[in-house]
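The values are calculated or read from the model by the stated rules, or taken from the named source; none is laboratory data. For clarity, every value in this text was computed on a predicted model and none was experimentally measured. Ideal geometry is used to build each Cβ from the backbone, glycine not excepted, and the neighbour counts take in all protein chains shown. Heavy atoms of the whole protein, side chains included, go into the accessibility calculation; ligands, DNA and RNA do not. Shrake-Rupley method; radii C 1.70, N 1.55, O 1.52, S 1.80 Å.
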Amino acid sequence: MRLFSCPMPLLLFFLQALPGLGLPKDTLRCVGYHGFCFRSKSCPQPFAAFGTCAWRQKTCCIDTTSDFQTCQDEGGHCVPPQIKCLEEQAGSCPHREWKCCTEL
């Protein structure tokens with residue numbers, strides 16, 4: 001039992017120290033877009049909903065007062081990489097590999 005109790009704190013330290021270990025994919029995506037996970041289905045002001053967190057149990061909310069702009073805020077549409085855009089624009093999409101287009 002003594003051998004098991006010694007490495008356990010070390011394992012817990014590494015799980016906390018290394019980013020991304022043990023976090024669900026939707027939470028990692030939210031954090032990647034500088035979002036925060038809230039328990040409620042609606043985001044408090046000045047945040048806007050941007051997907052889910054914690055295996056779809058929480059709402060990913062991003063700060064609307066920051067420089068970060070989503071594609072829809074700028075009047076664009078998020079499309080998968082297979083679709084060709086006539087005109088791309090700045091803005092982030094919920095799926096990181098997707099792009100923001102003003103015209104398809």
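Points worth noting:
- Measuring nothing but protein heavy atoms, the accessible surface of segment 22-67 at 1.4 Å probe radius is 57 percent carbon and sulfur.
- Rolling a 1.4 Å probe over the protein heavy atoms gives segment 22-67 an accessible area of 66 Å² per residue.
- Electrostatic tally near T102: other residues with Cβ closer than 9 Å to its Cβ, Lys and Arg +1, Asp and Glu -1, net -4.
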